[in-house]
Structure formats: structure tokens, C-alpha cells
Amino acid sequence: MSRIGKLPVTVPAGVNITIAAGNLMTVTGPKGTLTRKLSEYMNIAQEDGQLVITRPNDLKRNKALHGLTRTLVNNMVVGVTQGYVKKLEINGTGYRAAKAGNKLTLTLGYSHPIVMEDPDGINSEVEGNNKIVISGIDKEKVGQYAANIRFKRPPEPFKGKGIKYETERIRRKAGKSGKK
């Protein structure tokens, strides 16, 4: 049995879950609504304020989907109740970020500024000149948008310049050693 898959998902008060035909799940909470089509092979049942995900048999595909389905459902419940946040830091002389409307403008040492538009349901804020806070209810979209921003100038190992996650540690390398 899957260690993650067998754990029930607790549904907090104020969260409404609807399971339609073909495992089309809609989760509504205080922060918004998320909809996702889950695998038809998994059995999802609502019992006593909890969601229980079971698999019909022990085929390899069903074993793999068991834990995944439970995690996806849990991420939806946490998203509509608490939401998700990713924080990015910009390091480097002259590197900065600015926000105007729903457009994020990054100045990262290229010959032109990089303008990125916030996706639907995702909000980005700039704190100071060098901190970006991305928030939303869909964990997948928040993480993808943060990764897209980081991709514009990943941190380099010599001086540490670039965009990194707040908790990320950059392995530093020694520079040139000079002539002997």
C-alpha cells in the first residue's frame, strides 16, 4: 500500500468538494475555486469530512497513481484555504525588478528589460528592488511562474549574480588562480 496514498485528506470547514463523473474534482474554498480532472482508475470517496483515495488493484500504473492522486487533491485543498507563496531574490549590481499593473519588469544586465505578464490567478509583488513574491492558489502555476522568472537569469557560481529562490543555496566556486 502506498504510504502517501493511504493517508486521508482532511477537508477543513468552509471547503466544498464536488466529484463529478470521470473524477472531475472541483474544490471551492475561501480563496477561490480549483478544478482538476484526476485519473479514472482511482476511487475517491468522501467520508466524515475526509477524502479517501483507494486503488482498484495492484497494477504498477495504479500504484504510481495512488500517491500522486492523493497529493494532487491535498494540494487543491491547501491552495483554496491557505494558498501558496514562492519568494525570489535578485542579486547583482544593477539587477532590479519593478511592477506596473500585472506586468513584471526585470532589469538583469541584458541590453533590454524583460517584461513578464502575470498568468491568470497568480499575483506577483516586488519588495524593494530585489525581492519578488509570487502567490496564488494553484501550486503548479505558482511554481512554474517562479521557475520561468528564475530561468531569465539563473544564479552563477562565481559571484552569485542572478535570480535565486529565497531558500536556495548557491554552491560557490573559486575564480581563476593566476600565474605561478
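Here are a few things to note about the model shown:
- Helix content alone sets the calculated 222 nm mean residue ellipticity of the chain: runs of n ≥ 4 DSSP H residues at -39500 (n - 2.57) each, divided across all residues, give -6500 deg cm²/dmol.
- Choice from 67, 136, 94 showing the highest fluctuation, given a GNM over the chain with Cα pairs closer than 10 Å: 94
- In Hz, Karplus ³J(HN,Hα) per residue of the stretch 32-41 (6.51, -1.76, 1.60; θ = phi - 60°; x = Gly, Pro): x, 10, 10, 10, 8, 8, 9, 4, 6, 6
- Computing Rg/Rh (Cα atoms, Kirkwood Rh) directly from the structure and comparing it against [x] 1.12; [y] 0.95; [z] 0.99 singles out [x].
- Mean sequence separation of contacting Cα pairs (under 8 Å, at least six apart), scaled by the length of the stretch 1-127, corresponds to a relative contact order of 20 percent.
- Backbone geometry of the stretch 100-109 corresponds, through the Karplus equation with coefficients 6.51, -1.76 and 1.60 at θ = phi - 60°, to 3J(HN,Hα) couplings of 9, x, 10, 10, 9, 10, 10, 10, 10, x Hz, x marking Gly and Pro.
- Qualifying aspartates and glutamates (Cα of each under 17 Å from Cα of residue 176; at least 8 residues distant if same chain): 156
All of the numbers you see were taken from the coordinates with simple rules; none came from a lab. Note that this is a predicted model, so its numbers are computed, not measured.
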